[in-house]
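Colleague: For reference, the structure I am asking about is given below.
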Amino acid sequence: MIEVRIHGRGGQGNVVAAYLLATTAINEGWHAQAFPAFGAERRGAPVVAFVRINDAPIRRRCQVVSPDFLIIQDEALMNIPGITDGLKADGGILLNSAKHSDRYAGAINGRLVALPATQLAQQYLGRPVPNTALLSAFLKLTDLLPQPALIKSLEERFKGPVLEKNIALIEAAAATIPDNSWKMTVNA
């Protein structure tokens, strides 16, 4: 089973990201679940969402405490103690940051990739919502699911110009990421 924990703040599309990732997996024939955990429901409040993907039915119904991967949608959350707790030794972190990955790599043995997802979202969507850019980068890093499957999930959720802008965004995000550098972790 592959477990992903997504950290962000209200308004960044954390919950939508989790649902899109699970939907993409389901559309590709996997079993998946996605669910959020958050306190005060307000823009800017910390939000955590969880995704599990497996080739067999998933019976586990608890939060993800030992994720294979972390997707962190707000770079400031890296300063919160415990944000990377439970991350498996061979796991990876995808961080929304305009800073170079090397700035953070020492803390997690080089398994962190930074992507300026907010800037890309602002450029392509006209809004600072980094979720689809980060999902595209995650799929490119892991080779877990194909990019066209993410597009299919977006087509189920969005229409018209919003869909077109999101497709352009995920293509741009994928173009900035090296091919399946985390693939060995997924297949381990």
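All of the numbers you see were taken from the coordinates with simple rules; none came from a lab. Note that the structure is a prediction, hence the values are computed from the model and not measured. When we count neighbours, we look across all protein chains shown, and the Cβ atoms used for this are built from the backbone with ideal geometry, even at glycine.
Colleague: How big is the dipole moment of the chain about its Cα centre under a simple scheme where the beta carbon of each Lys and Arg is +1, that of each Asp and Glu is -1, and everything else is neutral? Debye, nearest 20, please. Spell out each step's value before the answer.
Modeller: Working: 19 positive and 16 negative charges, 86 e Å.
Using only the charged Cβ atoms, the result is roughly 420 debye.
Colleague: I need Ile6, Ile93, Ile80 ordered by Cβ neighbour count within 10 Å, fewest first. Before the final figure, lay out the partial values.
Modeller: Details: Ile6 30, Ile93 24, Ile80 12.
The most exposed by this proxy come first: Ile80, Ile93, Ile6.
Colleague: Counting only pairs 8 or more places apart or on different chains, how many lysine pairs in the chain have C-alpha atoms closer than 17 Å? Walk me through the numbers on the way to the answer.
Modeller: Details: Lys88/Lys183; Lys140/Lys152; Lys140/Lys183; Lys152/Lys165.
For the chain, the number of qualifying lysine pairs is 4.
Colleague: List His7, His31, His100 from most exposed to least, where exposure is judged by having the fewest other Cβ atoms within 10 Å. It would help to have the intermediate numbers written out before the result.
Modeller: Working: His7 23, His31 16, His100 9.
Going from sparsest to densest Cβ surroundings: His100, His31, His7.
Colleague: Between Asn79, Asn166, Asn96, find the one with the highest GNM mean-square fluctuation for the chain; connect C-alpha pairs within less than 10 Å.
Modeller: Checking each option, the largest mean-square fluctuation is seen for Asn79.
Colleague: Sticking with this structure for a sec: For Val64, Val51, which order do you get if you count the other beta carbons within 10 Å of each Cβ and list the fewest first?
Modeller: Details: Val64 22, Val51 26.
Lowest count first: Val64, Val51.
Colleague: Where is the GNM fluctuation largest for the chain (alpha-carbon springs, 10 angstrom cutoff): Pro116, Pro161, Pro46?
Modeller: Evaluated over the chain, the most mobile residue of the options is Pro161.
Colleague: Turning to a different aspect of this structure: Counting pairs of alpha carbon atoms under 8 Å apart in space and at least six apart in sequence, what relative contact order in percent does the chain give? Before the final figure, lay out the partial values.
Modeller: Details: 371 pairs, mean separation 38.3, N = 188.
Relative contact order here is 20 percent.
Colleague: What does the charge add up to near Phe69, with Lys and Arg as +1, Asp and Glu as -1, over the other residues with Cβ less than 11 Å from its Cβ? Kindly include the intermediate steps, with their values, before the conclusion.
Modeller: Numbers: positive: Arg5, Lys88, Arg111; negative: Glu3, Asp68, Asp90.
Around Phe69, the charge tally is 0.
Colleague: Please work out, to two decimal places, the log10 of the ratio I(q)/I(0) at q = 0.16 Å⁻¹ from a Debye calculation in which every Cα of the chain carries one identical scatterer.
Modeller: Each listed q maps to, in turn, -0.96.
Colleague: Any chance you could run the full-extension gain for Phe35 through Ser66? It's 0.36 nm times the residue separation minus the Cα-Cα distance, nm to one decimal.
Modeller: On the way: separation 31, 0.36 × 31 = 11.16 nm, distance 1.57 nm.
Value of the extension gain: 9.6 nm.
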